[in-house]
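The values are calculated or read from the model by the stated rules, or taken from the named source; none is laboratory data. The structure presented is a predicted model; accordingly, all values stated were derived computationally and were not measured. Counting neighbours? That spans all protein chains shown, and the Cβs are built from the backbone with ideal geometry, glycine included. SASA here: full protein model, heavy atoms, side chains in, ligands and nucleic acids out. Shrake-Rupley method; radii C 1.70, N 1.55, O 1.52, S 1.80 Å.
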Amino acid sequence: SRIIAETDDLFQWSVTGNIGTISQDGVFTAGKTLGLSGDIVIRHKDFTQTIPVTIGQKPKILDTFESESNWNASSDFQQISGTVSRTEKLENVRYGNYALALQYQASAMDDGSVQTVSYHANYPISMAGLSNVTAFLKASPEKQILFDFAMGDGTIQQRAAYASSNWSMVTAAVPSGAVSLRGFTISCPGEETGTVYVDQLIGYSSTVQPDTQGPALTLQAANGALNASALDASGFLLSSKDLSLNLDGSALAFQYDPQSGAISAALPDLSAGLHRITLTASDYFGNISRASINVGPGFASTPFNDLDNEWSKDYAE
């Protein structure tokens, strides 16, 4: 028999996927972003061992309201009514093309009591494994709204949030034992009419880690080739499906490396005229970034020189 002595510092340790850091004696420290996946890689001469790691549970997209609305409104009071629909008016949408619009109209009760109208999803929004829910809210006029959580015993527990006149992200703590998010309730103490807009429902297994910034983009064209990059600060990797690249408004084929964020593309002959290349990227949370560059010798003789100091020059070109 032979005795083999090894110590941790004789191995080479590394990590991939932004999951954390590891010291040269093999002590791994996890990052704070939940849901990221990567590998711990151990090397020693010709030996390599890879250990897959996922840090916690990834935030769960509960509803983006981009597909057909499946909600309804109801009330036990005759003096209040409500409707629920999707809106595509740009000023009332925070992400994508649609948001949920909760409309209400109430008359004063003779006894001065408070009336309520509820807006419920016709599909289960499971709260399994979740401790917090976030949503973007906007209201006209400003209004308090209640999150309705269905409990295992059939009762409803509510958590209050406030919708201001501008879009803001609110957080509702999921009650212990909650089975699903049933929907929302709006209360009216007197004669009132208004609308609360809801967009981008997201669930978290523990601490809320909001991401409202789009991916960071770079673009550079030279010698018939485009070199670009797209990386998201959240640490969640983008895929080629999250990207679009256009030349003068038409799709341009490209290659993308999710780990490095590098984008490459071959360019056609752009020796004549004015040309514009645009890169668009959307991350896991729905944040969108867009960057453009102008290419072609024609830009030396642009007819818009009088706009040199104006914000609109790039758009005019």
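Brief remarks on what is shown
- Check on Val84, among the hydrophobic types (A, V, I, L, M, F, W, C) and under 27 Å from Trp167 (Cβ atoms): yes
- Extreme residue, most open to solvent (accessible area, probe 1.4 Å), among residues of region 25-52 that are in a loop (DSSP other than H, G, I, E, B) and without any contact (Cβ under 8 Å) to a residue 60 or more places away in the chain: Lys45
- Residues of region 14-24 classified as among the polar types (S, T, N, Q), open to solvent by less than 50 Å² (accessible area, probe 1.4 Å) and part of a strand (DSSP E or B), total: 1
- Check on Gly129, under 22 Å from the mean Cα position of the chain (by Cα) and either surrounded by 15 or more Cβ atoms within 10 Å (Cβ to Cβ) or modelled with pLDDT of 95 or more (or both): no
- Any hit, region 53-60, residues being under 23 Å from Ser140 (Cβ atoms) and either part of a loop (DSSP other than H, G, I, E, B) or open to solvent by 70 Å² or more (accessible area, probe 1.4 Å) (or both): no
- Among the residues of region 190-249, those identified as within 30 Å of Thr116 (Cα to Cα), modelled with pLDDT under 95 and among the acidic types (Asp, Glu) are Glu191, Glu192.
- Of all residues in region 70-84, those satisfying the criterion of being of a type outside the set (A, V, I, L, M, F, W, C) and surrounded by fewer than 16 Cβ atoms within 10 Å (Cβ to Cβ) are Asn70, Asn72, Ser74, Asp76, Gln78, Thr83.
- Test: residue in region 105-122 that is of a type in the set (Gly, Ala, Ser), within 21 Å of the chain's Cα centre (by Cα) and part of a loop (DSSP other than H, G, I, E, B): no
- Taking residues in region 222-249 that are more than 19 Å from Asn294 (Cβ to Cβ) and of a type in the set (A, V, I, L, M), and partners anywhere that are open to solvent by 70 Å² or more (accessible area, probe 1.4 Å) and part of a strand (DSSP E or B), the pairs with Cβ atoms closer than 8 Å and at least 6 places apart or on different chains are Leu238/Leu231.
- Residue list for region 230-260, filter: of a type outside the set (Asp, Glu), open to solvent by 30 Å² or more (accessible area, probe 1.4 Å) and within 17 Å of Gly17 (Cβ to Cβ): Leu231, Ala233, Leu237, Ser239, Tyr256, Pro258, Gln259, Ser260
- Near pairs, Cβ below 9 angstrom, 6+ apart or cross-chain, from region 1-20 (free of Cβ contacts under 8 Å to residues at least 24 places away in the same chain and more than 30 Å from Leu237 (Cα to Cα)) to any residue that is of a type in the set (A, V, I, L, M) and part of a loop (DSSP other than H, G, I, E, B): Asp8/Val27
- The residues of region 223-266 that are part of a strand (DSSP E or B) and in contact with a Pro (Cβ under 8 Å, 6 or more places away or on another chain), listed by number, are Ala230, Leu231, Leu247.
- Looking only at region 111-120, and only at residues there that are crowded, with 21+ Cβ neighbours inside 10 Å and touching a Gly at 6+ places or on another chain (Cβ under 8 Å), the one that is farthest from Phe184 (Cα to Cα): Val117
- Enumeration of residues in region 168-198 that are open to solvent by 60 Å² or more (accessible area, probe 1.4 Å) and either at positive phi or outside any strand (DSSP E or B) (or both): Ser176, Pro189, Glu191
- Of all the numbered requirements in (1) at pLDDT below 85; (2) assigned to a loop (DSSP other than H, G, I, E, B); (3) open to solvent by less than 30 Å² (accessible area, probe 1.4 Å), Gly298 misses one, and that requirement is (2).
- Test: residue in region 150-157 that is assigned to a strand (DSSP E or B) and among the acidic types (Asp, Glu): no
- Hey, Ile156 crowded, with 20+ Cβ neighbours inside 10 Å, at pLDDT 95 or above and of a type in the set (Val, Ile, Thr) or not: no
- Filter result (polar (S, T, N, Q) and open to solvent by 40 Å² or more (accessible area, probe 1.4 Å)) within region 261-281: Ser264, Ser271
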